[in-house]
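The structure under discussion appears below in the form of structure tokens.
The values are calculated or read from the model by the stated rules, or taken from the named source; none is laboratory data. From a predicted model like this one, the values you see are computed outputs, not experimental measurements. FYI the Cβ positions are ideal-geometry reconstructions off the backbone, even for glycines, and counts take in every protein chain you see.
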Ligand SMILES: [Zn+2]
């Protein structure tokens, strides 16, 4: 085994040990009620008592310091998925007892599971730790099962992008991590990683054109019910639900408050097997209009019989976007609970 491969395995084993110690897999797989399908890396750092401060850093994504006491800095100037990867990388430096490290955005450019022979082994370890800590194989499988994504579906950029949103990982890191687990081939990963997320967002949105493509585009269906989604204030939600229109049952959108979301599209899709009176697919595109913690809620009922609800669709959203200067939201909650 090469020194690089050795470093990668050591780091992945360490990430798995930390998941075990904190029962992270149990919390996600056995969630009662609302499911939080991400590894809460900021919350983990709070529980480990590893100080984490967000700052508008120049030229750096993050830093790990060990003197006089261990601590981590992460930039406020990048999206949440990058902040999460950076924090997990610095957590790797801490957990693997590394020397202090200043990390610029080369940590995003390199694949977390390959490196040249002369690479800095400490950085190789921190990258592999970060990628496998945020997206362990069991979590990738968990989300695939929940959404019915098979091995055949995975090389599709839309599927990988949706997985990355659920897991809170960057799109490119998700490609390389799936390849490491042999869930896609290395060639697939390379081709997928070359695709701009903006192109994927456009393909999902079709005729809907947002003012800018800063926000993420979530494809939601039955499988997402009961999950809490962590996103940003400009995110778009493409909800596709079966509707028993023939029997007079229609989805009502009044749960999408207009001070929180604008409905950008509301159509019934033609399906191949469509016969008069059968169920159709209702496609609703809603865009968040502000930072918010709220929910997407709809009920299916007969319009002339408000009490005739046959189905409801609810999921929670946490659309604060990147962490701002100071402590993480998770740490403020943690300190409040401990007080
Ligand atoms: Zn580093």
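Go through the range 107-140 and give me each residue that's out of contact with any helix residue (DSSP H, G or I) (no Cβ under 7 Å at 6 or more places or on another chain), closer than 20 Å to residue 183 by Cα and at pLDDT 85 or above.
Listed by number, the list holds a single entry, 137.
Considering only the range 170-213, how many residues are outside any helix (DSSP H, G or I) and either more than 20 Å from residue 288 (Cα to Cα) or more than 19 Å from the chain's Cα centre (by Cα) (or both)? Before you say what the answer is, go through the steps one by one.
To start, the set of residues in the range 170-213 that are outside any helix (DSSP H, G or I) comprises 170, 181-185, 194-196, 206-213.
Those left that are additionally either more than 20 Å from residue 288 (Cα to Cα) or more than 19 Å from the chain's Cα centre (by Cα) (or both): 170, 181-185, 194-196, 206-212.
Within the range 170-213, residues that are outside any helix (DSSP H, G or I) and either more than 20 Å from residue 288 (Cα to Cα) or more than 19 Å from the chain's Cα centre (by Cα) (or both) number 16.
Considering (1) free of Cβ contacts under 8 Å to residues at least 12 places away in the same chain; (2) more than 15 Å from the ligand (Cβ to nearest atom), say which one residue 12 fails and leave the rest.
Condition not satisfied by residue 12: (1).
Sort out which residues of the range 207-221 are out of contact with any helix residue (DSSP H, G or I) (no Cβ under 9 Å at 6 or more places or on another chain) and without any contact (Cβ under 8 Å) to a residue 12 or more places away in the chain, and write them in order of number.
Within the range 207-221, just 211 meets the criteria.
Any residue at all in the range 153-168 that's part of a helix (DSSP H, G or I), out of contact with any strand residue (DSSP E or B) (no Cβ under 7 Å at 6 or more places or on another chain) and under 14 Å from residue 92 (Cα atoms)?
Looking through the range 153-168, none of the residues is part of a helix (DSSP H, G or I), out of contact with any strand residue (DSSP E or B) (no Cβ under 7 Å at 6 or more places or on another chain) and under 14 Å from residue 92 (Cα atoms).
May I ask you to list pairs of residues, at least six apart or on different chains, whose Cβ atoms are under 6 Å apart, with the first in the range 77-104 being over 24 Å from residue 320 (Cβ atoms) and the second being within 8 Å of the ligand (Cβ to nearest atom) and part of a helix (DSSP H, G or I)?
Hits for this filter: 92/126; 93/126; 98/122; 101/93.
Would you point out which residue out of 223, 173, 212 is closer than 27 Å to residue 64 by Cβ and not assigned by TED's automatic domain parsing to the domain that holds residue 313?
173
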